[in-house]
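Just so it is clear, none of the values below were taken in a lab; they were calculated from the coordinates. Bear in mind the structure is a predicted one, so any value in this text is a computation, not a measurement.
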Amino acid sequence: PYDLFDAVHPIEADSKRLRRVFTNLLDNASKFSKEKGKIILVTQETMEVIVTIEDQGNGIDPEDLPNIFDAFHRGRGTEKEEGSVVGLAAVKAIVEGHGGRIRVESVLGKGSTFTVVLPKAGRPENN
């Protein structure tokens, strides 16, 4: 089987924690996507490793975007959804603990794009 991360430059990381990051983001993309919606996963390299997960789901209300990575924050319309309310807060903490950063862009009714940026192995952290 093809392993997506075999093609990506090595990074120094706790593999279990990073697996949690990408599992959470992909689960969310799947859970909030419309039926038969696409989830697109892209990796690219520059001075860092960049992983983008884009869905064609419901999107995130613009009023929720500033708080999306806060622990216990539930976005409008997701109150009845199953899952941990600390998921994205943990994702952000793990990514930042690896010297990286995460950002989200979203259009209500069209979908969301989460971008994780991680430093390559042997490179000084850019803060």
Practice prompt. Find how much the distance from residue 63 to residue 105 grows on full extension, using 0.36 nm per residue of separation minus their present alpha carbon separation; answer in nm with one decimal.
Written response: 13.9 nm
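Quote to one decimal, in nm, the extra length available between residue 120 and residue 27 on full extension: 0.36 nm per residue of separation minus the C-alpha distance between them. Kindly include the intermediate steps, with their values, before the conclusion.
Numbers: separation 93, 0.36 × 93 = 33.48 nm, distance 2.53 nm.
Stretched out fully, the residue 120 to residue 27 stretch lengthens by 31.0 nm.
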Item to complete: Could you pull the Cα extents of region 21-60 along its three principal axes, largest to smallest, in whole Å?
Response: 36, 17, 16
Practice prompt. Could you list, in their original order, any pairs among 16/92; 16/38; 38/120; 36/92; 34/120 whose Cα atoms are separated by more than 24 Å?
Written response: 16/38; 38/120; 36/92; 34/120
